[in-house]
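*Asks:* Quick one: this structure, given as structure tokens, is what I'll be asking you about.
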Amino acid sequence: MSTLQGKIALVTGASRGIGQGIAVSLAKAGADVALADISLDVLEETKKLVESEGVKVKAYQVNVTEYETVSTLVKAVAADFGTLDIAVNNAGVLGIHKVIDMTPDQWDRIFDVNAKGVFLCSKAELEVMLPNKSGRIINVSQF
Ligand SMILES: NC(=O)c1ccc[n+]([C@@H]2O[C@H](COP(=O)([O-])OP(=O)(O)OC[C@H]3O[C@@H](n4cnc5c(N)ncnc54)[C@H](O)[C@@H]3O)[C@@H](O)[C@H]2O)c1
């Protein structure tokens with residue numbers, strides 16, 4: 001039996017890069033995977049890759065900077081899959097700029113997605129995990 005058989009995982013920013021790799025790895029380990037990103041269209045490739053591992057997969061739209069969409073996402077995942085065991089808060093924007101070159105708007109955007117996004121996702125996920133007294137949250141970010 002695979003290590004994560006029967007577990008339900010959520011990965012944000014799952015359309016490409018690190019998030020796509022994590023989603024496929026979770027599926028290879030046997031977990032059912034909920035994929036979330038800024039639009040549904042961008043999740044098609046990851047959805048096919050996860051599906052091909054023979055686990056349940058569903059794609060969701062979310063903007064991690066808006067608590068309402070994050071809360072709706074987490075509730076929908078728990079309802080569709082029955083629970084939430086593993087959450088990987090990976091959605092982010094790359095913010096490698098020299099201070100001298102960065103505009104205040106770029107700074108705000110990086111913190112909105114990479115810091116506030118991780119907080120909002122963790123908060124919504126804890127609302128499901130704490131009553132269950134079970135769950136794992138993995139935050140992937142950079143500042
Ligand atoms: N690649 C690196 O070298 C590196 C280094 C350190 C940390 N990280 C962190 O790892 C994570 C993934 O990095 P990556 O290189 O795969 O990045 P990427 O840009 O390839 O992927 C980021 C994903 O997040 C999604 N996303 C962005 N804003 C969003 C929002 N508001 N709501 C929902 N989804 C949103 C994008 O659509 C994309 O699918 C990020 O949090 C990044 O900050 C990456």
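*Asks:* In Å², and per residue, what accessible area does the chain have when probed at 1.4 Å with the other protein chains present?
*Replies:* Working: 7920 Å² over 143 residues.
Using a 1.4 Å probe on heavy atoms only, each residue of the chain averages 55 Å².
*Asks:* Separate question: Treating only the Cβ of Lys, Arg, Asp and Glu as charged (+1, +1, -1, -1), what charge dipole size does the range 8-139 show about its Cα centre? Round to the nearest 20 debye.
*Replies:* Values: 13 positive and 17 negative charges, 75 e Å.
Computed about the Cα centre, the dipole is about 360 debye.
*Asks:* Take the solvent-accessible surface of the protein heavy atoms, probe 1.4 Å, and return the percent of it on the chain that carbon and sulfur atoms account for. Don't skip to the end; give the middle numbers.
*Replies:* Details: 4450 of 7920 Å².
Of all accessible area on the chain, carbon and sulfur atoms account for 56 percent.
*Asks:* Something else now. Just to compare against my own numbers: the Cα pair-distance distribution for the range 8-139, 5 Å bins, whole % per bin, please.
*Replies:* For the range 8-139, the pair-distance distribution reads 2, 12, 22, 23, 19, 11, 6, 4, 2, 0.
*Asks:* A further question follows. Once label points are set 7 Å from the Cα along Cα→Cβ at both Leu94 and Glu127, what is their separation, rounded to one decimal in nm?
*Replies:* 3.4
*Asks:* Could you name the aspartates and glutamates in cross-link range of Lys123, using Cα to Cα under 13 Å and dropping any fewer than eight places away on the same chain?
*Replies:* The reachable aspartates and glutamates, counting only those whose Cα sits under 13 Å from Lys123, are Glu66, Glu68.
*Asks:* Going through the cross-link list Lys48/Lys133; Lys47/Lys75; Lys58/Lys116; Lys47/Lys98, which pairs have a Cα-Cα distance over 30 Å in this structure?
*Replies:* On the way: Lys48/Lys133 32 Å; Lys47/Lys75 20 Å; Lys58/Lys116 25 Å; Lys47/Lys98 36 Å.
Beyond 30 Å between Cα atoms: Lys48/Lys133; Lys47/Lys98.
*Asks:* Please report how far the C-alpha centroid of the range 20-54 lies from that of the range 72-143, rounded to the nearest whole angstrom.
*Replies:* So the separation of the two Cα centres works out to 17 Å.
*Asks:* While we're here: Sort 95-101, 76-82 by the packing proxy (mean of other Cβ within 10 Å over each peptide's residues), most packed first. Intermediate values should be presented prior to the final figure.
*Replies:* On the way: 95-101: 8.4, 76-82: 16.0.
Result, highest mean first: 76-82, 95-101.
The values are calculated or read from the model by the stated rules, or taken from the named source; none is laboratory data. Given the structure is predicted, the values throughout are model-derived calculations rather than measurements. Don't worry about glycine lacking a Cβ; one is built from the backbone with ideal geometry, like all the others, and counts go over all protein chains shown. Heavy atoms of the whole protein, side chains included, go into the accessibility calculation; ligands, DNA and RNA do not. Shrake-Rupley method; radii C 1.70, N 1.55, O 1.52, S 1.80 Å.
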